[in-house]
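Working notes, beginning with the structure itself.
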Amino acid sequence: MSSILTIPKSVTGSEELVILPKKELEKILNRLSDVREEDVLRWSLEAKKFKKACKLPILESLKFLR
């Protein structure tokens with residue numbers, strides 16, 4: 001990604017804000033529009049199978065919770 005800015009809560013007062021170029025936003029939105037409901041349902045079923053088999057990988061962003 002190109003230049004992306006984050007404005008912290010201390011400046012905005014409530015939430016962090018992210019500023020990114022319009023082209024980047026359009027790329028993200030185009031990728032999201034390619035996802036169908038069937039895809040989400042299939043991913044959900046696959047995740048449930050992995051979890052039941054104790055093979056669901058731990059996300060890097062959640063490792064600090066352990």
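How many residues does the stretch 1-22 hold that are without any contact (Cβ under 8 Å) to a residue 12 or more places away in the chain and surrounded by 10 or more Cβ atoms within 10 Å (Cβ to Cβ)? Can you show your working first?
First, pick out the residues of the stretch 1-22 that are without any contact (Cβ under 8 Å) to a residue 12 or more places away in the chain: 8-17, 22.
Restricting the remaining residues to those that are surrounded by 10 or more Cβ atoms within 10 Å (Cβ to Cβ) gives 9, 12, 16-17.
The qualifying residues number 4.
Taking the stretch 13-37 on its own, how many of its residues are of a type in the set (Ser, Thr, Tyr) and not in a loop (DSSP other than H, G, I, E, B)? Before the answer, list the steps.
Start the filter on the stretch 13-37 by keeping residues that are of a type in the set (Ser, Thr, Tyr), which leaves 14, 33.
The next check asks that each one be not in a loop (DSSP other than H, G, I, E, B); those that pass are 33.
Adding up the residues that qualify gives 1.
Taking the condition at pLDDT 85 or above and either out of contact with any Ser or Thr (no Cβ under 6 Å at 6 or more places or on another chain) or among the hydrophobic types (A, V, I, L, M, F, W, C) (or both), does Glu60 pass? Show your work before the answer.
On the way: at pLDDT 85 or above: no; either out of contact with any Ser or Thr (no Cβ under 6 Å at 6 or more places or on another chain) or among the hydrophobic types (A, V, I, L, M, F, W, C) (or both): yes.
Judged against the criteria, Glu60 is not a match.
Go through (1) of a type outside the set (S, T, N, Q); (2) surrounded by 10 or more Cβ atoms within 10 Å (Cβ to Cβ); (3) modelled with pLDDT of 85 or more for Val35 and report which single condition fails.
Result: Val35 passes all but (3).
Quick test of your reading of the structure: Ser10 fulfils all but one of (1) assigned to a helix (DSSP H, G or I); (2) at pLDDT below 90. Name the failing condition by number.
Among (1) assigned to a helix (DSSP H, G or I); (2) at pLDDT below 90, Ser10 violates only (2).
Looking for something among the acidic types (Asp, Glu), in contact with a helix residue (DSSP H, G or I) (Cβ under 9 Å, 6 or more places away or on another chain) and within 29 Å of Pro57 (Cα to Cα) - is there at least one such residue anywhere in the stretch 1-16? Outline the logic, then answer.
Here is the first cut: in the stretch 1-16, the residues among the acidic types (Asp, Glu) are 15-16.
Narrowing further to those that are in contact with a helix residue (DSSP H, G or I) (Cβ under 9 Å, 6 or more places away or on another chain): 15-16.
Subsequent filtering for residues that are within 29 Å of Pro57 (Cα to Cα) retains 16.
Checking the stretch 1-16: at least one residue is among the acidic types (Asp, Glu), in contact with a helix residue (DSSP H, G or I) (Cβ under 9 Å, 6 or more places away or on another chain) and within 29 Å of Pro57 (Cα to Cα).
The values are calculated or read from the model by the stated rules, or taken from the named source; none is laboratory data. In this text, all values refer to a predicted model and were calculated from it rather than measured experimentally. Cβ atoms come from the backbone with ideal geometry, glycine included; neighbour counts cover every protein chain shown.
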